[in-house]
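Student: First the structure, then my questions, so here it is.
The values are calculated or read from the model by the stated rules, or taken from the named source; none is laboratory data. Here the structure is a predicted model, which is why all the values come from computation and not from measurement. All Cβ positions, glycine included, derive from the backbone under ideal geometry; neighbour counts span all protein chains shown.
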Amino acid sequence: MLKGFKDFILRGNIIDLAVAVVIGTAFTAIVTAVVNSIINPLVALFFQADATGQFGPSVTNIYGDKVVFPLGDLISAVISFLSVALVVYFVFVLPMNTFKARVEARKGTPAEEPQEEPAAATEAELLVEIRDLLARNARS
């Protein structure tokens, strides 16, 4: 039982995932700082912030109170996500794919090419196959 757990933990995928989580967590602070210090002020140029710092359209509810739809938070979250995804792709994924392609080229084996999947059988073909199997089993 412990050997199976040890094999599971020491697999390359688990270690890679742990490193990605740690780096992602550390990188979040950087992205948050960039969004708060650069992106939010740029967005605020186009939208006026209210007293709570939220910006977005406001509507008066049935009680006469002002309700603000905080689109600024949504815009910040989307920009933050896209920033993280962009950096992760260009800093980690693209170089790793290039490295793997170079290693494969040095080995003399072609890089993995997507193989064509066989076309799915049509309903009529499946019914014919089922009929033939039933007929074959009936004779046996």
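Student: Cβ-Cβ under 9 Å, sequence separation 6+ or interchain: first residue in the stretch 85-97 and closer than 19 Å to residue 32 by Cβ and surrounded by 11 or more Cβ atoms within 10 Å (Cβ to Cβ), partner modelled with pLDDT under 75 and not small (Gly, Ala, Ser). Which pairs?
Tutor: Close Cβ pairs (under 9 Å, with a partner that is modelled with pLDDT under 75 and not small (Gly, Ala, Ser)) amount to 87/31.
Student: Separate question: Restricting attention to helices (runs of 4 or more DSSP H) lying wholly within the stretch 35-120, give those where 1 or more residues are at pLDDT below 75. Give the derivation first.
Tutor: Values: elements: 40-44, 71-88, 94-107.
Those helices (runs of 4 or more DSSP H) span 40-44, 71-88.
Student: Select from the stretch 80-100 the residues that are within 16 Å of residue 27 (Cβ to Cβ) and β-branched (Val, Ile, Thr) and list them in ascending order.
Tutor: Once the filter is applied, which keeps residues that are within 16 Å of residue 27 (Cβ to Cβ) and β-branched (Val, Ile, Thr), the stretch 80-100 yields 84, 87, 88, 91, 93.
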